[in-house]
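A.B. asks: The structure's right below; bear with me while I get my questions together.
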Amino acid sequence: MVEITPGRAYGFFTDTSVCIGCKACEVACKEWNQLPGNEPVFGDGFDNTGSLDSQNWRHVKFIDNVADETMQAGDGKAWLMMSDVCKHCKHASCLEVCPTGALIRTEFDTVYIQPDVCNGCRDCIAACPYGVIGLDEHSNVAQKCTLCYDRLQGGMEPACAKACPTQSIQFGPVDELRAKASQRLDDLHGQGIAQAQLYGADDSVYGGLNAFFLLMDKPEAYHLPNAANAVLPSRNNARGYLATAVTAVLAVIGGLVALRRRREPVREPVPEPVRKQPEGGE
Amino acid sequence: MVLAEAEHFVRAPNWTWYILFYFFLAGLSGGSYVLATLLRLRGDSAAEAVARLGYYVAFPTMLVCPILLTLDLGQPLRFWHMLVNTTPGQLVPIFKYWSPMSVGAWALVAFGLFVTVSFLDALRRDRRGIEGAGLLAKLWSIAGAVVGLFIAGYTGVLLAVSNQPVWSDTWALGGLFLASGLSGSAALLGWLARHRRAAQPAAGAFVRAERVFLLLELVLIVAFVLTLVPAGTLGRAFGFPWILLWALALLCVLPWLRSRERTRSAVAADGTVAAPARVVVAPGLILTTLALISVLAIRAAVIFSAQ
């Protein structure tokens, strides 16, 4: 049992190498957080959740790049499972743009949306590079994983980690989790599993993810932005405003020149001098 | 399936029709205020007459903006949360200079003040038959015009400060929206000026202004295209059906590039006819409407193609 003290950074270490795709995390999350869920989607695979959104705060991704009819062993290119979740980024895009202050960093160093402060502007949805946040159709505010903020306050670990039968989802203080992850990575590499890699355990992705992963392929294979593509919305502030300011200066100068006084006669004959136009735009 | 491009795994915010028309009206309101101020600074009575038209246009278009934004919220009654942090124990004004939506909310409040005062002032001067504008009115208009430039342009920066495909791949949207907002305003004011006798002598100048803004707009569209190429999102912004909107935007302003110089004889009030002279004639309702459609089409293409 992990002791939970405010002021310390907590998170998840999700080890996809031992995920069996049972979705117990999804169920436990919905039960604890009272999420009604969406209609299931039945497509070409085991993934009937679809994506993380306002109803799905855990989502077991199935990366199944296997031919429908496998003639011989080894035809499949990938058979990966990953319990995805809000990353609780150190440099969080959602928190950066939120105009209301609804998005905060809690005493457990997690990223939390205050549902009674959020007004549903959806700027955080436009910002989150992982597509984590959705607008809830019941409460009409943005929702995502809270890292079970209420459970943490009560000294309990998050529901998904509690329910995970294979310890693919481990909860704890981030520094301890990082040590565990690095040990696990060494073990796997020692077993000859060279493709195993950590994602978000160091500060290369958004300054470090409080919920980080051990992946069995490149981040791109799991539809995660790699370190080069993990960029914050605010990168576009300076150049966006600069281009606008330059346009403004050129437009004002051009406007002053174009609108300057010229010697021109009255444009056309006035048909009836007595008829007065109503003035004042009313 | 393994994706080749790793750049965008973001969800669309579903900013649609309310936001489109907000961007449109913000461009027109801000643009009209700016053009009105440029003319007010010119100082002659015809220019001042058009300037007031500009303030009359800026007011109602501005008034609709917060309504559209409020309706777009998931919780419309919490519109004021944009300005006040309601986190328990705080209840203080919130302003994040690095979040364009936060800056924009405050800018809209400031612009609302400038436009309302300028509108009422223009109304008062017209009622009392005051021809000019005083120093105070000019200074107020200049300050308001700076905010107006911001209102017309920041919406593009707001889109860019995100992780959405297309929007966040370019720095050109703020300038593009500003230039197109000004071009729409110039077309609208030019047409309105035809219908206000005192303003008629200044109407033709808007055609020249329109061309300046269209040129800027064209340059920025090129910049927009060039910035999307390395990001690999050019096909998304200009693919079918969005290419139709871009084509519409371009076709609608083409007639404006034709020469509008006409030889006209001026008739003075006493009936004497002056020698014929070359005059630029402000276009009629159809061309003005086309220019406004172009403003709308550009914003629609940008907003909808990314989501």
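A.B. asks: If you take every DSSP beta bridge fully contained in region A:10-222, what fraction is antiparallel? Give it as a percent rounded to 5.
C.D. replies: Looking only at bridges with both residues in region A:10-222, the antiparallel portion is about 85 percent.
A.B. asks: Right, another one. Going by how many other beta carbons lie within 10 Å of each one, how would you line up B:HIS81, A:HIS189, fewest first?
C.D. replies: Details: B:HIS81 24, A:HIS189 13.
Final ranking by Cβ density, sparse to dense: A:HIS189, B:HIS81.
A.B. asks: I would also like to ask the following. I'd like to know which of A:CYS121, A:GLY154, A:VAL60 lies farthest towards the positive end of the charge dipole of region A:10-222, counting +1 on Cβ of Lys and Arg and -1 on Cβ of Asp and Glu.
C.D. replies: Positive-most Cα among the choices belongs to A:GLY154.
A.B. asks: Any chance you could give the angle, 0 to 90 degrees and rounded to 10, that helix A:235-258 forms with the longest Cα principal axis of chain A?
C.D. replies: Compared with the principal axis, the helix lies near 10 degrees.
A.B. asks: From Cα pairs below 8 angstrom and at least 6 apart in sequence, can you work out the relative contact order of region B:1-114, rounded to a whole percent?
C.D. replies: Computed value for region B:1-114: 21 percent relative contact order.
A.B. asks: How tilted is helix A:174-190 with respect to the longest principal axis of chain A? Cα atoms for both, answer in degrees (0 to 90, nearest 10).
C.D. replies: For helix A:174-190, the angle is close to 60 degrees.
A.B. asks: Neighbouring Cβ atoms within 10 Å as the yardstick, rank B:ARG262, B:ARG40 fewest first.
C.D. replies: By the 10 Å Cβ count, ascending, the order reads B:ARG262, B:ARG40.
A.B. asks: Helix-derived [θ] at 222 nm for the protein assembly as shown: sum -39500 (n - 2.57) over DSSP H runs of at least 4, divide by residue count, nearest 500?
C.D. replies: Computed mean residue ellipticity for the protein assembly as shown: -15500 deg cm²/dmol.
A.B. asks: Taking chain B as a Gaussian network, Cα atoms linked when under 10 Å apart, which of B:PHE238, B:PHE206, B:PHE23 shows the biggest mean-square fluctuation?
C.D. replies: Judging by the Gaussian network model, the answer is B:PHE238.
A.B. asks: I want to verify the translational diffusion coefficient of the protein assembly as shown in µm²/s; compute it with Stokes-Einstein, Rh as the Kirkwood radius over Cα pairs, at 20 °C and 1.002 mPa s.
C.D. replies: Rounded to a whole number, D works out at 81 µm²/s.
A.B. asks: To test your reading of the geometry: what angle, between 0 and 90 degrees and rounded to tens, separates the Cα axis of helix A:24-33 from the longest principal axis of chain A?
C.D. replies: 60 degrees
A.B. asks: Over chain B, how many percent of alpha carbon pairs lie in each 20 Å bin up to the one with the longest distance?
C.D. replies: 32, 53, 14, 1, 0
A.B. asks: Sorting B:ARG236, B:ARG127 on the 10 Å Cβ count, fewest up front, what's the list? Don't skip to the end; give the middle numbers.
C.D. replies: Values: B:ARG236 16, B:ARG127 11.
Arranged by neighbour count, lowest to highest, B:ARG236, B:ARG127 become B:ARG127, B:ARG236.
A.B. asks: Also, I was wondering about something else. Determine the alpha carbon to alpha carbon distance for each of A:LYS23/A:LYS218; A:LYS162/B:LYS96; A:LYS162/A:LYS218; A:LYS61/A:LYS90 and list only those over 31 Å.
C.D. replies: In this structure, A:LYS162/B:LYS96 lie more than 31 Å apart at Cα.
A.B. asks: Given Cα pairs under 8 Å that are at least 6 residues apart, what percent is the relative contact order of chain A?
C.D. replies: That works out to 24 percent.
A.B. asks: While we're on this one: If you place +1 on the Cβ of every Lys and Arg, -1 on the Cβ of every Asp and Glu, and leave all else neutral, what size is the dipole of chain A about its Cα centre, to the nearest 20 Debye?
C.D. replies: It works out to roughly 1420 debye.
A.B. asks: For a quick check: with amide H placed at 1.01 Å from N, whose amide H comes under 5 Å from A:CYS89's, ignoring anything fewer than 5 positions away on the same chain?
C.D. replies: The list, which skips near neighbours in sequence, is A:ASN210.
A.B. asks: Could you check how many percent of all C-alpha pairs in chain A are farther apart than 35 Å?
C.D. replies: Beyond 35 Å sits 32 percent of the P(r) for chain A.
A.B. asks: Let me ask something else. Can you list which of the DSSP-assigned H helices in chain B have a Cα extent of 27 Å or more along the long axis and an average Kyte-Doolittle score of at least -1.0? Could you put the intermediate results ahead of the total?
C.D. replies: Details: long enough: B:17-42 (37 Å, 1.15); B:45-72 (41 Å, 1.16); B:100-127 (39 Å, 0.84); B:135-160 (38 Å, 1.81); B:173-194 (32 Å, 1.22); B:205-231 (40 Å, 1.99); B:285-306 (32 Å, 2.26).
The answer, listed by residue number, is B:17-42, B:45-72, B:100-127, B:135-160, B:173-194, B:205-231, B:285-306.
A.B. asks: Average partner chain C-beta neighbours within 10 Å, per residue of B:30-38?
C.D. replies: For peptide B:30-38, the averaged partner shielding equals 2.
A.B. asks: Give me the inter-chain shielding for B:84-93: mean count of other chain Cβ atoms within 10 Å, whole number please.
C.D. replies: 3
Readers should treat all values here as calculations from the given coordinates under stated rules, not as data from a laboratory. This structure is a prediction, so every number in the text was calculated from the model and none was measured. Cβ coordinates were reconstructed from backbone atoms using ideal geometry, including for glycine residues, and neighbour counts include every protein chain displayed.
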